[in-house]
Amino acid sequence: MNPPTTDHPAPRQRLSSDQRQREIVANVLALARERGPDAITTQAIADRIGVTQGAIFRHFPDKEAIWLAVFGWVRESLGTVLATAIEQPGSPLARIEAAFLAHVAFIAANPGVPRVLFHELQYPGDSPVRAEVRAMVSGYRERLALLFAEAKVAGELAADLDSALAPVLFIGAVQGLVIESALAGDESGMIKRARLMFPLLLDGYRGRSQR
(Lines give C-alpha, C1' and ligand atoms only; values in the text may rest on other atoms or scores of the structure.)
Protein backbone atom coordinates (compact mmCIF):
# COMPACT_ATOMS: atom_id res chain seq x y z
CA MET A 1 0.00 0.00 0.00
CA ASN A 2 1.34 3.41 -0.91
CA PRO A 3 2.04 5.73 2.03
CA PRO A 4 -0.18 8.79 2.42
CA THR A 5 1.21 11.75 0.55
CA THR A 6 3.09 14.46 2.40
CA ASP A 7 2.69 16.98 -0.40
CA HIS A 8 1.38 20.32 0.78
CA PRO A 9 -1.98 21.39 -0.63
CA ALA A 10 -2.08 24.23 -3.13
CA PRO A 11 -2.81 27.66 -1.65
CA ARG A 12 -6.44 28.14 -0.66
CA GLN A 13 -7.24 24.53 -1.52
CA ARG A 14 -9.94 23.21 0.77
CA LEU A 15 -9.65 19.62 1.86
CA SER A 16 -12.33 17.44 3.38
CA SER A 17 -11.87 16.52 7.03
CA ASP A 18 -10.85 12.99 6.03
CA GLN A 19 -8.28 14.32 3.55
CA ARG A 20 -6.86 16.72 6.10
CA GLN A 21 -6.64 13.99 8.73
CA ARG A 22 -4.71 11.77 6.30
CA GLU A 23 -2.41 14.68 5.51
CA ILE A 24 -1.74 15.20 9.21
CA VAL A 25 -1.00 11.49 9.71
CA ALA A 26 1.40 11.51 6.74
CA ASN A 27 3.28 14.50 8.08
CA VAL A 28 3.53 13.06 11.59
CA LEU A 29 5.26 10.01 10.11
CA ALA A 30 7.53 12.22 8.00
CA LEU A 31 8.48 14.27 11.07
CA ALA A 32 9.18 11.07 13.00
CA ARG A 33 11.72 10.09 10.36
CA GLU A 34 13.34 13.53 10.26
CA ARG A 35 13.54 14.53 13.90
CA GLY A 36 12.18 11.74 16.11
CA PRO A 37 8.80 11.35 17.86
CA ASP A 38 9.76 13.42 20.92
CA ALA A 39 10.05 16.54 18.78
CA ILE A 40 6.62 16.18 17.20
CA THR A 41 4.39 18.90 18.60
CA THR A 42 1.10 20.08 17.18
CA GLN A 43 2.86 23.33 16.29
CA ALA A 44 5.53 21.39 14.38
CA ILE A 45 2.80 19.55 12.47
CA ALA A 46 1.01 22.80 11.69
CA ASP A 47 4.22 24.47 10.53
CA ARG A 48 5.05 21.60 8.22
CA ILE A 49 1.59 21.56 6.63
CA GLY A 50 1.34 25.33 6.48
CA VAL A 51 -1.71 25.85 8.67
CA THR A 52 -2.34 27.25 12.13
CA GLN A 53 -2.21 25.06 15.21
CA GLY A 54 -5.90 25.78 15.65
CA ALA A 55 -6.56 24.22 12.25
CA ILE A 56 -5.02 20.98 13.48
CA PHE A 57 -7.44 20.88 16.39
CA ARG A 58 -10.41 21.37 14.08
CA HIS A 59 -9.69 17.88 12.78
CA PHE A 60 -8.44 16.20 15.96
CA PRO A 61 -9.62 17.08 19.48
CA ASP A 62 -6.16 16.55 21.03
CA LYS A 63 -2.70 15.12 20.39
CA GLU A 64 -3.71 11.68 21.63
CA ALA A 65 -6.33 11.52 18.88
CA ILE A 66 -3.61 12.29 16.33
CA TRP A 67 -1.47 9.40 17.58
CA LEU A 68 -4.48 7.08 17.54
CA ALA A 69 -5.06 8.02 13.91
CA VAL A 70 -1.39 7.41 13.10
CA PHE A 71 -1.40 3.92 14.58
CA GLY A 72 -4.81 3.22 13.05
CA TRP A 73 -3.30 3.96 9.64
CA VAL A 74 -0.28 1.78 10.39
CA ARG A 75 -2.44 -1.15 11.52
CA GLU A 76 -4.66 -0.94 8.45
CA SER A 77 -1.80 -0.47 6.00
CA LEU A 78 0.53 -3.12 7.43
CA GLY A 79 -2.42 -5.49 7.74
CA THR A 80 -3.16 -5.02 4.05
CA VAL A 81 0.50 -5.62 3.17
CA LEU A 82 0.54 -8.85 5.19
CA ALA A 83 -2.79 -10.05 3.79
CA THR A 84 -1.62 -9.46 0.22
CA ALA A 85 1.58 -11.41 0.86
CA ILE A 86 0.01 -14.44 2.56
CA GLU A 87 -2.83 -14.70 0.04
CA GLN A 88 -0.39 -15.27 -2.80
CA PRO A 89 -0.30 -18.77 -4.32
CA GLY A 90 2.48 -20.95 -3.01
CA SER A 91 3.52 -23.02 -0.03
CA PRO A 92 3.16 -21.68 3.52
CA LEU A 93 6.94 -21.20 3.71
CA ALA A 94 6.96 -19.22 0.47
CA ARG A 95 4.22 -17.01 1.88
CA ILE A 96 6.17 -16.50 5.11
CA GLU A 97 9.09 -15.26 3.02
CA ALA A 98 6.74 -13.03 1.00
CA ALA A 99 5.34 -11.60 4.24
CA PHE A 100 8.84 -10.92 5.59
CA LEU A 101 9.97 -9.11 2.44
CA ALA A 102 6.68 -7.19 2.21
CA HIS A 103 7.01 -6.06 5.83
CA VAL A 104 10.55 -4.82 5.22
CA ALA A 105 9.46 -3.05 2.03
CA PHE A 106 6.67 -1.32 3.97
CA ILE A 107 9.15 -0.09 6.59
CA ALA A 108 11.62 1.04 3.94
CA ALA A 109 8.83 3.11 2.34
CA ASN A 110 7.62 4.41 5.72
CA PRO A 111 10.71 4.73 7.96
CA GLY A 112 8.85 6.85 10.50
CA VAL A 113 6.64 3.89 11.43
CA PRO A 114 9.08 1.89 13.61
CA ARG A 115 10.26 5.08 15.27
CA VAL A 116 6.80 6.02 16.53
CA LEU A 117 5.90 2.40 17.29
CA PHE A 118 8.81 1.57 19.57
CA HIS A 119 8.88 5.07 21.01
CA GLU A 120 5.36 4.50 22.29
CA LEU A 121 6.08 1.02 23.64
CA GLN A 122 9.05 2.13 25.77
CA TYR A 123 6.85 3.92 28.30
CA PRO A 124 5.28 2.05 31.24
CA GLY A 125 1.64 2.22 32.19
CA ASP A 126 -1.38 2.26 29.92
CA SER A 127 -3.17 4.66 27.64
CA PRO A 128 -5.52 4.41 24.64
CA VAL A 129 -2.53 4.90 22.33
CA ARG A 130 -0.44 2.14 23.93
CA ALA A 131 -3.50 -0.14 23.94
CA GLU A 132 -3.86 0.49 20.20
CA VAL A 133 -0.19 -0.35 19.61
CA ARG A 134 -0.38 -3.55 21.67
CA ALA A 135 -3.54 -4.63 19.85
CA MET A 136 -1.88 -3.98 16.52
CA VAL A 137 1.27 -5.99 17.37
CA SER A 138 -0.75 -8.79 18.96
CA GLY A 139 -3.03 -9.12 15.93
CA TYR A 140 -0.04 -9.17 13.60
CA ARG A 141 1.67 -11.89 15.62
CA GLU A 142 -1.49 -14.01 15.65
CA ARG A 143 -1.76 -13.89 11.86
CA LEU A 144 1.87 -14.89 11.50
CA ALA A 145 1.44 -17.70 14.03
CA LEU A 146 -1.33 -19.23 11.91
CA LEU A 147 0.97 -19.13 8.90
CA PHE A 148 3.76 -20.86 10.80
CA ALA A 149 1.28 -23.50 11.97
CA GLU A 150 0.34 -24.13 8.32
CA ALA A 151 4.01 -24.59 7.44
CA LYS A 152 4.33 -27.18 10.21
CA VAL A 153 1.29 -29.11 8.97
CA ALA A 154 2.74 -29.04 5.45
CA GLY A 155 5.97 -30.55 6.75
CA GLU A 156 8.03 -27.51 5.77
CA LEU A 157 8.99 -26.70 9.34
CA ALA A 158 9.76 -28.88 12.35
CA ALA A 159 6.73 -30.22 14.18
CA ASP A 160 8.12 -29.01 17.50
CA LEU A 161 8.55 -25.41 16.32
CA ASP A 162 6.75 -23.03 18.68
CA SER A 163 4.28 -21.26 16.38
CA ALA A 164 3.66 -18.57 18.97
CA LEU A 165 7.36 -17.72 19.38
CA ALA A 166 8.28 -17.93 15.69
CA PRO A 167 6.67 -14.53 14.91
CA VAL A 168 8.79 -12.94 17.66
CA LEU A 169 11.95 -13.90 15.77
CA PHE A 170 10.32 -12.72 12.52
CA ILE A 171 9.51 -9.27 13.94
CA GLY A 172 12.86 -9.11 15.71
CA ALA A 173 14.67 -9.68 12.43
CA VAL A 174 12.74 -6.82 10.84
CA GLN A 175 13.62 -4.59 13.77
CA GLY A 176 17.28 -5.56 13.44
CA LEU A 177 17.22 -4.33 9.85
CA VAL A 178 15.54 -1.13 11.04
CA ILE A 179 18.31 -0.48 13.58
CA GLU A 180 21.02 -1.23 11.03
CA SER A 181 19.43 1.19 8.55
CA ALA A 182 19.01 3.85 11.22
CA LEU A 183 22.69 3.63 12.08
CA ALA A 184 23.57 3.96 8.40
CA GLY A 185 21.03 6.74 7.91
CA ASP A 186 19.73 5.02 4.79
CA GLU A 187 16.80 2.64 4.28
CA SER A 188 17.46 2.02 0.58
CA GLY A 189 19.31 -1.25 1.14
CA MET A 190 16.83 -2.83 3.54
CA ILE A 191 15.09 -5.05 0.99
CA LYS A 192 18.35 -6.42 -0.41
CA ARG A 193 19.60 -7.22 3.10
CA ALA A 194 16.24 -8.80 3.96
CA ARG A 195 16.62 -11.20 1.04
CA LEU A 196 20.04 -12.19 2.34
CA MET A 197 18.77 -12.52 5.91
CA PHE A 198 15.76 -14.74 5.27
CA PRO A 199 17.79 -17.94 4.60
CA LEU A 200 19.46 -17.44 7.99
CA LEU A 201 16.06 -16.99 9.59
CA LEU A 202 14.78 -20.09 7.82
CA ASP A 203 17.71 -22.15 9.06
CA GLY A 204 16.73 -21.30 12.61
CA TYR A 205 13.07 -22.13 12.02
CA ARG A 206 13.82 -25.50 10.47
CA GLY A 207 15.87 -26.63 13.44
CA ARG A 208 18.61 -29.22 13.67
CA SER A 209 16.37 -32.07 12.45
CA GLN A 210 16.00 -30.46 9.01
CA ARG A 211 19.48 -29.02 8.49
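The values are calculated or read from the model by the stated rules, or taken from the named source; none is laboratory data. No experiment lies behind these values; they were computed from the predicted model shown. Every residue, glycine as well, gets a Cβ built from its backbone with ideal geometry; the counts of neighbours run over all protein chains shown.
Within the set 125, 72, the sole residue that is in a loop (DSSP other than H, G, I, E, B) and either within 23 Å of residue 39 (Cβ to Cβ) or polar (S, T, N, Q) (or both) turns out to be 125. Give me a count of the residues in the stretch 102-131 that are in contact (Cβ under 8 Å) with a residue 60 or more places away in the chain and surrounded by 15 or more Cβ atoms within 10 Å (Cβ to Cβ). Adding up the residues that qualify gives 17. Residues in the stretch 58-73 that are in contact with a Lys or Arg (Cβ under 9 Å, 6 or more places away or on another chain) and surrounded by 13 or more Cβ atoms within 10 Å (Cβ to Cβ): 59, 69, 73.
Among the numbered conditions (1) surrounded by 15 or more Cβ atoms within 10 Å (Cβ to Cβ); (2) more than 19 Å from the chain's Cα centre (by Cα); (3) among the β-branched types (Val, Ile, Thr), the only one that residue 40 does not meet is (2). Residue count for the stretch 161-211, restricted to those that are within 18 Å of residue 99 (Cβ to Cβ), of a type in the set (S, T, N, Q) and either assigned to a loop (DSSP other than H, G, I, E, B) or in contact with a Cys (Cβ under 9 Å, 6 or more places away or on another chain) (or both): 1. Does the stretch 4-23 contain at least one residue that is in contact with a Gly (Cβ under 6 Å, 6 or more places away or on another chain) and modelled with pLDDT under 90? Among the residues of the stretch 4-23, at least one is in contact with a Gly (Cβ under 6 Å, 6 or more places away or on another chain) and modelled with pLDDT under 90, which makes the answer yes. The single residue among 200, 147, 183, 196 that is among the hydrophobic types (A, V, I, L, M, F, W, C) and in contact with a helix residue (DSSP H, G or I) (Cβ under 6 Å, 6 or more places away or on another chain) turns out to be 147. If you scan the stretch 79-93, which residues turn out to be surrounded by 15 or more Cβ atoms within 10 Å (Cβ to Cβ) and without any contact (Cβ under 8 Å) to a residue 24 or more places away in the chain? Scanning the stretch 79-93 gives a single hit, 85. Looking across the stretch 75-95, the residues that are part of a loop (DSSP other than H, G, I, E, B) and of a type in the set (Gly, Ala, Ser) come down to 90, 91.
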